[in-house]
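The values are calculated or read from the model by the stated rules, or taken from the named source; none is laboratory data. Quick caveat: nothing in here was measured; it's all calculated off a predicted structure. With ideal geometry, Cβ positions are generated from the backbone for all residues, glycine too; neighbour counts draw on all protein chains shown. To get the accessible areas, we keep the full protein, side chains included, count just its heavy atoms, and leave off ligands, DNA and RNA. Shrake-Rupley method; radii C 1.70, N 1.55, O 1.52, S 1.80 Å.
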Amino acid sequence: MNQTLIQEILEVVEQAAIASAKLTGLGQKDEADAAAVEAMRLRMGKIEMKGKIVIGEGERDEAPMLYIGEPVGSGSGPGVDFAVDPCEGTNLCANNQRGSMAVLAASDTGGLFNAPDFYMNKLAAPPAAKGKVDIRNSATENLKILSDCLGLSIDELTVVVMDRTRHKDLIKEIRGCGAKVQPISDGDVQAAIACGFAGTGTHCLMGIGAAPEGVISAAAMRALGGHFQGQLVYDPAIAQTSEWADYTKEGNIQRLNEMGITDIDKIYEANELASGENVVFAGSGITDGLLFDGVKFERDCVRTSSLVISTLDSTARFTNTVHIKDGAKSISL
């Protein structure tokens, strides 16, 4: 992992965002995801590295590209593991709603937790609350701690929660404390990262989302010095999702055991989900969002807005890129 590789990783998410953004608002979420996957894989293939997808689009028989275990890159150079979500928030992209982006996390070989395609209870909070809030606490307890850490009253705090039936009681508890709830339909990666920056108006992420996205969020929060914890959810009665309608708690436990996960109730810290010496997060907006703008198509250029967070040099770089078209005659600032 080096600075040259980080620049190329930025271009990977930019190209995925551009490809997906061409379908924004057309109601074609699967097509938008496929376009982002193809563009991401194509750009990755040009990088001098021994890359491997550890979190991707699914198993090999389910995904033709960016499947788990797929080698990417030239085959020579540094070993790099990737967790990718080429179109995070496919519904957001399809409906031209805020918060869709192309994202990935990268680390040295073996540096990312190979999260199963399960759900994960998550807690993200600002650096000031790192190691003080705890996912084992109630929402009420964590809000009191967060209030003290940030020097804000509880009624000044905003907590992002996925708008799901399973969170009915959580939302009721948060509001009962006096804090504000910001429900989101999709895209909890951006919400988690927003907790790492002051001034975003987002102070905490609570609740259950997808486990693979939890690893990507953890990588970003580790690099930012923020707080992130995750715990796998295996009980369909807790997940409350139609996707698990035919699953059982016992069957899910067996699936985890077969994947080598025997401590099924383990609380994972950010540095366990993203444990590599060098960790990089990269995201590029597909639609406008809290952290950056979406792709803008103009006559002579395409504009992207991105964020790269790296432990290599302890930086968070916000990048606006102008992709100039052939024959361009006028590029505005």
What is the list of residues in segment 209-236 whose amide nitrogen lies under 16 Å from a point 7 angstrom out from the Cα of Asn91, following Cα to Cβ?
209-211
Once phi is turned into θ = phi - 60°, what whole-Hz ³J(HN,Hα) does the Karplus curve with 6.51, -1.76 and 1.60 give for every residue of segment 92-101, x standing for Gly and Pro?
4, 5, 4, 9, 6, 9, 5, x, 7, 7
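How high is the relative contact order of segment 194-267? Use alpha-carbon pairs under 8 Å, at least six apart in sequence, and give a whole percent.
On the way: 46 pairs, mean separation 18.1, N = 74.
Relative contact order here is 25 percent.
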Phi-derived 3J(HN,Hα) across segment 80-86 with the Karplus relation (6.51, -1.76, 1.60, θ = phi - 60°), rounded Hz, x for Gly and Pro, is 9, 9, 10, 10, 10, 9, x
Relative contact order, percent, of segment 222-333 when contacts are C-alpha pairs under 8 Å separated by at least 6 residues?
21 percent
Add +1 for every Lys or Arg and -1 for every Asp or Glu among the other residues with Cβ under 11 Å from the Cβ of Val13, and state the total.
-4
Using helices alone, what [θ] at 222 nm do you get for the chain, with -39,500 (n - 2.57) per DSSP H run of 4 or more residues, divided over all residues and rounded to the nearest 500?
-9000 deg cm²/dmol
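Taking only protein heavy atoms into account and a 1.4 Å probe, give the accessible area per residue of segment 4-123 in Å².
Values: 4730 Å² over 120 residues.
That works out to 39 Å² for each residue.
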Thinking of segment 260-333 as a set of Cα atoms, what percent of all their pairs are more than 18 Å apart?
59 percent
Taking Rh as the Kirkwood radius computed over C-alpha pairs, what is the Stokes-Einstein D of segment 291-333 at 20 °C in a medium of viscosity 1.002 mPa s, expressed in µm² per second?
182 µm²/s
Diffing segment 34-42: the Karplus 3J(HN,Hα) column from phi (6.51, -1.76, 1.60, θ = phi - 60°), in whole Hz with x for Gly and Pro, holds 4, 5, 5, 4, 4, 5, 5, 5, 4
Between Gly111, Gly99, Gly131, which gets the highest mean-square fluctuation from a Gaussian network model of the chain, Cα cutoff 10 Å?
Gly131
Compute a Gaussian network model of the chain, connecting alpha carbons closer than 10 Å, and tell me which residue from Lys144, Lys180, Lys172 fluctuates the most.
Lys172
Cα Rg, Dmax (largest Cα-Cα span) when computed across segment 1-139, Å
16.3, 48
Residue among Asp235, Asp186, Asp108 with the largest mean-square fluctuation in a Gaussian network model of the chain, springs linking Cα atoms under 10 Å
Asp235
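Pop out the carbon and sulfur fraction of the accessible area of the chain as a percent, whole number, probe 1.4 Å. Numbers along the way, then the final one.
Details: 6640 of 14480 Å².
Carbon and sulfur together cover 46 percent of it.
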Fully extended, how many nm does the chain gain between Ile145 and Thr109 (0.36 nm per residue separation, minus their Cα-Cα distance)?
9.3 nm
Give me the net charge of Lys249's neighbourhood, meaning all other residues with Cβ under 13 Å from the Cβ of Lys249; Lys, Arg count +1, Asp, Glu -1.
-3
What is the sum of charges, Lys and Arg at +1 and Asp and Glu at -1, for the other residues whose Cβ falls under 9 Å from the Cβ of Ala328?
+1
Over segment 43-152, what is the percentage of antiparallel beta bridges among all DSSP beta bridges, to the nearest 5?
65 percent
Using the heavy atoms of the protein chains and a 1.4 angstrom probe, tell me the accessible area per residue for segment 147-214 in square angstrom.
41 Å²
Whole-number accessible area per residue in Å² for segment 243-297, which is evaluated in the context of all protein chains at 1.4 Å
50 Å²
If amide H atoms are built 1.01 Å from N in the plane of the peptide, which residues on other chains or at least 5 residues away come under 5 Å of the amide H of Gly111?
Asp81
So, relative contact order of the chain in percent, Cα under 8 Å, 6 or more apart, is 19 percent
Could you give log10 I(q)/I(0) at q = 0.10, 0.11, 0.14, 0.15 Å⁻¹ for the chain, computed by the Debye formula over C-alpha point scatterers of equal weight, without solvent?
-0.56, -0.68, -1.11, -1.28
